[in-house]
1. Provide 168, 68 in ascending order of the number of other Cβ atoms located within 10 Å of each residue's Cβ, fewest first.
2. Using amide H atoms built 1.01 Å from N in the peptide plane, name the residues 5+ places from residue 104, or on other chains, whose amide H lies under 5 Å from its own.
3. For the residues 40, 80, what sequence is obtained by ranking on other C-beta atoms within 10 Å, fewest first?
4. Once amide H atoms are built 1.01 Å from N in the peptide plane, which residues 5 or more positions from residue 184, or in another chain, come under 5 Å H to H?
5. Give me the one-decimal nm value for the distance between modelled label points at residue 49 and residue 88, 7 Å along each residue's Cα-to-Cβ direction.
6. Among 89, 122, which comes first, second and so on when ranked by fewest other beta-carbon atoms within 10 Å?
Amino acid sequence: MVLVDSFKAHNANIRTKHGVKNLELAGAGFGSIPAAAQPYVVATEYGNEPFHKTVLTCTALPLSIADDEGVAQYGGVQVYTMPKGAIVSLGASIKGNLTLGVTGTIIAEFTGVNALGTVTASKGATLVSTEATWLQSTANAEAVARVAAISSCSVATALTESPGRVVDGRTTAAPVFLNFAIADDASHTAGTGTFTGTITLAWVNVGGN
C-alpha cells in the first residue's frame, strides 16, 4: 500500500470538504465523510484502485442514545460513505473511548457492545445482520465514570453476518455506521454521548456499475 499523499501528480487536491486531510490522486475512488460528521471526523486514505485502507480519526463525535425501555439503550452515527460499487470488506477495527451520559442518566459502569454496520442500530440489546456488516458485535470494556474503552477488530465469525463480506453499493453507495447497544438499567434514559478514537477499514472496490 502507498500513502496517498506521497503521490506527486497533477490534478492532486486536498478534499477538505469531505474531511480528508491528505492529498488525493484524482479519480482514486475514495469514499467521503457525511456532512454532519465532518466537524468531528477526518479520513486518511491509503492505496489506490482497487485496494484501499481508510483511517477515520474521530474527536468527540456526537452520539444520540435512544431508550428501548426494559430492554437496552442504543444508537449509531454514520461516519463514512463508500464509493459506488461492490465493496469487499477485508477487515475493520475500532480503537477509542465511548462516553455516554453527557446528557441522560446512563449509569457510571455501563456495559454493552459496538459494531460497524450499513444501517444504524435499532431497538434491542444486540447488534446483528446489517447493524454489524463491516465489523461484528464486540463487547466494550465495562465503563468507568461513563467512559468505556473499545478495542475491536474483525474476526472470522464476521463472515457469517448478513449480507456477508461483499456489500452491494452499485446503485446506492454503502454507508458505514458506528453502532452501539447498552445493557439496560432501570435508571437509563435517552440522552447523548461521544466517541473519540480511530476506525480503520480495509476494502476493495470491485466495481460492477
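None of the figures in this text is laboratory data; all of them are computed from the coordinates on show. Keep in mind that what you see is a predicted model, and the values were worked out from it rather than measured. Cβ: placed from backbone, ideal geometry, glycine included. Neighbour counts: every protein chain shown.
1. With the fewest neighbours first, 168, 68 line up as 168, 68.
2. Excluding prolines and chain starts, which carry no amide H, the hits are 192.
3. Final ranking by Cβ density, sparse to dense: 40, 80.
4. Amide H to amide H, under 5 Å and 5 or more residues apart or across chains, residue 184 pairs with 73.
5. 1.6
6. Listing 89, 122 from fewest to most nearby Cβ atoms yields 122, 89.
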